[in-house]
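Visitor: Take this structure, written in structure tokens, and hold onto it; I'll ask about it next.
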Amino acid sequence: MPTFSIPLSGLTAMSTALSAIANNLANLNTVGYKDTRTLFRDLFYQTIGSSGSGDPVQLGAGVGVSSMPGLFTQGNVDPTGVATDVAINQDGFFIVEKDGVVSYTRAGNFSVDKNDNLVTSEGQLVLGYPAVNGTIDTGQGLTPLQLGTGTMSPPTATTNVMLRTNLDAAAAVGSSDGSYSFPVTIYDSLGASHVLKFDFTKTGSNAWDYSISIPAADVGATGNPVVLNTGSLTFDGNGNLTAPVGDVANIAITGFADGASNQTFTWKLYDAGTPVLTQVAAPNGTSATQQDGSGSGALSKFAIGADGMITGTFSNGKTAILGQLALATFANVQGLLRTGNNGFSETLASGQAVVGAPGTGGRGTLEGGALELSNVDIAKEFAAMIVAQRGFQANARVVTTFDQITQETINLKQ
């Protein structure tokens, strides 16, 4: 009698293949999805005799699914322009964690939550290496990355001030042109701004006096501005500064009213050995000022580099390294367990994750502002679906044929 289990095994196997194809097509637009294919194996055999030459005569028991490996080929990378989107080029997985459970994903459609953490669409924290004073410290291990507007750049007290200024050589002593003032904003250790006043007074041919002052209220005083430093400037016949021969250093400010630490700064009169103060027959004026202090700043934007470095730009004009995304690789990616929501978990078959920076140890690089698309090939899937469909139809026809044979056998008694 025909063995119905053989075509039934074919129906089951082809049904599994069709389901896998349907799942692939359903995830055609899933970010970072990896295609799955179905591989078959023949089942055990029953020896029903032997030929005259002693060769075994065997009858197979049908077909089964041997494996359903994922195709971890590179998907197309689609630029999105969204700062929190990241695509992996070549090997590696992002490392994410939620409720103490670590998993891995290729989907880089991240966002920033209310706590300023970089998270997946499922609320998993994206892990990476933290930045300490703008330097990546891999020794601290993986931590959640924070990138929200609550990320702050600390204030920096001013230590250097430079004015590119011309003093009018044609000005007469005691005239209005022989007196010139210019305000310069500096910052204290708390990030508060203070406006210093640089006053210049002509005292003779090629000679000027200067005075640097700060508003009295800024240093807890009353009355006239508090003078911080005074001195003289001397120029040669070509308008070049000859004295002082160096920068004016150790200008001290003490007793800030806002409680900031005492500070000293340097008035830089030279840039790479060239004086920035001149005295030629042209109106008094300052073309540019520079100072190296800043107030505190909030993170305004960030960018992710190919090496996973996250560089933030702050509202105070500063930039800083905020952290670095990490990638994990596995000895056997086929051993990973798919957990849904674009996630994978490591298993004994996959081996433990080997974690490191993008672009190192065989790991791929990253592309910020882009997403890796599904690697499903719709034409290939349709071709596979036709083959599986025909396989299902053929096995179904075998079932009906076996049924007819069985019916004919039953009818023999009539």
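Values quoted throughout were computed directly from the atomic coordinates according to the rules given, and no laboratory measurement underlies them. What you see is a predicted model; the values in this text were computed from it and never measured. Backbone-built Cβ (ideal geometry, glycine too); neighbour counts: all protein chains shown.
Visitor: In region 30-62, which trypsin sites (Lys or Arg not before Pro) are in a loop and have at most 14 other Cβ atoms within 10 Å, using DSSP for the loop call?
Guide: Details: sites: Lys34, Arg37, Arg41; in loops: Lys34, Arg37.
Passing sites in region 30-62 do not exist.
Visitor: Could you derive backbone 3J(HN,Hα) for region 223-228 from the dihedral phi with the Karplus parameters 6.51, -1.76 and 1.60 (θ = phi - 60°), listing whole Hz in sequence and x where the residue is Gly or Pro?
Guide: x, 5, x, 8, 7, 9
Visitor: Please sort by residue number the chymotrypsin sites (Phe, Trp or Tyr not before Pro) in region 21-91 whose DSSP state is loop and whose Cβ has at most 10 other Cβ atoms within 10 Å. Before the final figure, lay out the partial values.
Guide: Values: sites: Tyr33, Phe40, Phe44, Tyr45, Phe72; in loops: Tyr33, Phe44, Phe72.
Taking region 21-91 and a limit of 10 other Cβ atoms within 10 Å, the loop chymotrypsin sites (Phe, Trp or Tyr not before Pro) found are Phe44.
Visitor: Which of Lys114/Lys301; Lys202/Lys268; Lys98/Lys301; Lys197/Lys318; Lys34/Lys301; Lys268/Lys318 have a Cα-Cα distance over 28 Å? Could you put the intermediate results ahead of the total?
Guide: Values: Lys114/Lys301 16 Å; Lys202/Lys268 20 Å; Lys98/Lys301 26 Å; Lys197/Lys318 25 Å; Lys34/Lys301 31 Å; Lys268/Lys318 22 Å.
Listed pairs above 28 Å: Lys34/Lys301.
Visitor: Right, another one. On C-alpha positions alone, give me the angle between the axis of helix 378-411 and the longest principal axis of the chain, in degrees, nearest 10.
Guide: Compared with the principal axis, the helix lies near 20 degrees.
Visitor: Here's something else I'd like to know. Using helices alone, I'd like the mean residue ellipticity at 222 nm for the chain: each DSSP H run of four-plus residues gives -39500 (n - 2.57), total over residue count, nearest 500. All intermediate terms of the calculation are to be shown ahead of the outcome.
Guide: On the way: 2 runs with 56 residues, N = 414.
After summing the helix terms and dividing by residue count, I get -5000 deg cm²/dmol.
Visitor: Separate question: Do any trypsin sites (Lys or Arg not before Pro) in region 338-414 lie in a loop, going by DSSP, with at most 16 other beta-carbon atoms within 10 Å of their beta carbon, and if so which? Walk me through the numbers before you get to the answer.
Guide: On the way: sites: Arg338, Arg363, Lys380, Arg390, Arg397, Lys413; in loops: Arg363, Lys413.
Here the sparse-neighbourhood loop sites are Lys413.
Visitor: In debye, nearest 20: dipole of region 160-291 around its Cα centre with unit charges on the Cβ of K, R (+) and D, E (-)?
Guide: 60
Visitor: Using the Karplus curve 6.51 cos²θ - 1.76 cosθ + 1.60 with θ = phi - 60°, work out ³J(HN,Hα) for each residue of region 182-197 in order, rounded to whole Hz, and write x for Gly and Pro.
Guide: For region 182-197, the Karplus curve yields 8, x, 9, 8, 10, 10, 8, 5, 8, x, 6, 8, 9, 9, 7, 10 Hz.
Visitor: Now for a separate question. Where does helix 5-26 land angle-wise versus the long Cα axis of the chain, in degrees 0 to 90, nearest 10?
Guide: 20
Visitor: Choose one of Ile212, Pro7, Gly323: the residue whose Cα lies farthest towards the positive end of the charge dipole of the chain (beta-carbon charges +1 Lys, Arg; -1 Asp, Glu; about the Cα centre).
Guide: Value computed over the given set: Pro7.
Visitor: Hey, another quick one. For region 82-96, take each phi angle, set θ = phi - 60°, evaluate the Karplus expression 6.51 cos²θ - 1.76 cosθ + 1.60, and give the result in whole Hz per residue in order, putting x for glycine and proline.
Guide: 8, 4, 7, 7, 9, 10, 9, 9, 6, 7, x, 9, 5, 10, 10
Visitor: Give the relative contact order (percent, whole number) for the chain; include only Cα pairs under 8 Å separated by 6+ residues.
Guide: Relative contact order comes out at 23 percent.
Visitor: Just to be sure I understand, if you calculate Cα extents along the principal axes in Å for this structure, which of (i) 139, 41, 37; (ii) 153, 49, 36; (iii) 107, 43, 40 do you get?
Guide: Identified label for the calculated read-out: (i).
Visitor: Still on this structure: Near the amide H of Val102, under 5 Å away, which other amide H atoms are found, from residues 5 or more places off or on another chain, if H is placed in the peptide plane?
Guide: For Val102, no residues qualify.
Visitor: About the Cα centre, and with charges only on the beta carbon of Lys, Arg (+1) and Asp, Glu (-1), how big is the dipole of the chain? Nearest 20 debye, please. Walk me through the intermediate numbers first.
Guide: On the way: 18 positive and 31 negative charges, 208 e Å.
Computed charge dipole of the chain: roughly 1000 debye.
Visitor: While we're on this one: Specify the inter-centroid distance of region 60-122 and region 349-414, based on alpha-carbon positions, in whole Å.
Guide: Cα centres, region 60-122 to region 349-414: 21 Å.
Visitor: In percent, how large is the relative contact order of region 297-414, given Cα pairs closer than 8 Å and 6 or more residues apart? Don't skip to the end; give the middle numbers.
Guide: On the way: 139 pairs, mean separation 23.1, N = 118.
The normalised contact order for region 297-414 reaches 20 percent.
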